[in-house]
Structure formats: C-alpha cells, structure tokens
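Worksheet: one structure, shown below.
The values are calculated or read from the model by the stated rules, or taken from the named source; none is laboratory data. Note that the structure is predicted; figures quoted are calculated from it, not measured. Every residue, glycine as well, gets a Cβ built from its backbone with ideal geometry; the counts of neighbours run over all protein chains shown.
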Amino acid sequence: MRDIVLGVNDGLVSIFLLVVGVVGGGLATREVLLAGITGALAGAISMAAGEYIATKSQEEVFDREEALEREHLQYHREKEKEEIREMFGDMGLPPQQVEDVVAALDADDDTFIRVMMALEFAVVEEERRSPYRAAFFSGMLFIGGSLPSVLPFAFVDSTGLGVLLAGIGAGIALFFVGVLKAVTTMKNPVWSGLENMAIAAVGAGLAFAVGSAYDALA
C-alpha cells in the first residue's frame, strides 16, 4: 500500500503538473510529449534510486543491530533476559507466563534475536524488503502513474484537448488511489478520493499560472 500510494500518486501528480505547466508555457504538442516522457523517466529513475538507497541503508542498520543483539546475547545473556522480562511485563503478561516465555526464548537463540528485533526495532523478518525489488516497483509504479498525463499527447494535435484528456485520466486515477487508501485505513472513500483530486487540482492551477507567466514574459 505504501508503494502504491507513494509511487503511483507521485507519478500522477508530478507529471500532470509538469504537463499543465509546459502547456501553460506555450509548448506545442510534440514538445509537451517529450517533456512528459522525459519527466516520467527522470522521476522513475529518481524514485527507484531513492528507494534503493533508503531501503539498503535501512536493511544495513537492521543487520548491524541484529549482529549487536547476538553479541549482547552471547556476552550479556542475563541482561537480555531481564530486558525481555520487563518488555513482556509492561505488556501486562502475568509473571509466571513471563518466565515461561523467557525460558522458551532462552532455549533458541535465533528466536530470541527475532523477538528482540521485533520488540526493540519493530523489525519482523518476513516484512524486510529487498532494495532491488523496492527500487524496481517504485520506478514502475511511478511510470504507471505518469501514463494518464503523457499518453494523450501521443494521439492528439491540440494541447488543449491533450490537457483535458490528461486531466480526466489523471483525475480518475487519483480518485481511485484515494479510494484504495481509504479502504485500507477505513476512512470515507469518496472524501479520500476527492481530497486526492483536489490537491492535484490546486497544484495544476499553480503550475499553469507559472507556465503562463513565463510565456508572457519570454
């Protein structure tokens, strides 16, 4: 969900605003198409690179913390067990059950480490991410989000019609991304969709105003 909302929504909003801005600046259809394709490619590469670096850095931090926890478990086992007792005690587990949990974890170092990572750093092994996969999906999702704003200019000669079609396509997509987010967060889907559209509409107005001002002054 995070990748979909961030990647697709970013592609939808940023490329639509780019297209509207350069149309406001007086560019012809082919020039708008080139700007849109270039912007989509640049945005996808930037998203993929940023996601790769961020995810890789995060995973390296987690690996380091896991190695540190193993070191602590080897040389300071009783202190680690006391930390576990405090954590489960703070959760409201009865003392005898806490001791049962500590005894079970003490018998398996790998499980002990995984529990400590989950409780101290909110890291669950099954939810850790591959930097390469994260980069690929971020880039592809951005490209997918850019398509409604770029494709119309490949098939029409009028920039006005191109912007209209781009606005309709991007608006529908933004609405459904907002609805999808609301389904997960249990918020009002219609309001969430309209909010997403409204943010893009305000941005588009500003982008068009900047492009028009540039065209007037050029």
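Within the span defined as segment 13-31, one or more residues are modelled with pLDDT of 85 or more, buried (at least 16 other Cβ atoms within 10 Å of the Cβ) and outside any helix (DSSP H, G or I).
Count of segment 85-115 residues, restricted to those that are more than 14 Å from residue 70 (Cα to Cα) and in a helix (DSSP H, G or I), is 16.
Would you check if there is a residue in segment 177-184 being on the phi < 0 side of the Ramachandran plot, surrounded by 13 or more Cβ atoms within 10 Å (Cβ to Cβ), outside any helix (DSSP H, G or I) and of a type outside the set (D, E, K, R)? The answer is no, given that none of the residues of segment 177-184 is on the phi < 0 side of the Ramachandran plot, surrounded by 13 or more Cβ atoms within 10 Å (Cβ to Cβ), outside any helix (DSSP H, G or I) and of a type outside the set (D, E, K, R). When each of 67, 54, 40, 44 is tested for being under 17 Å from the mean Cα position of the chain (by Cα) and not assigned by TED's automatic domain parsing to the domain that holds residue 197, the lone residue that passes is 54.
With respect to residue 170, determine if the residue is crowded, with 17+ Cβ neighbours inside 10 Å, modelled with pLDDT under 95 and either assigned to a helix (DSSP H, G or I) or of a type in the set (Asp, Glu) (or both). No; evaluated as a whole, the condition is false for this residue.
The residues of segment 116-130 that are part of a helix (DSSP H, G or I) and buried (at least 18 other Cβ atoms within 10 Å of the Cβ), listed by number, are 116, 117. Residue 180 falls short of the stated requirement of being modelled with pLDDT of 95 or more and assigned by TED's automatic domain parsing to the domain that holds residue 202.
Looking only at segment 185-218, residues that are assigned to a helix (DSSP H, G or I) and among the charged types (D, E, K, R) come to 2 in all.
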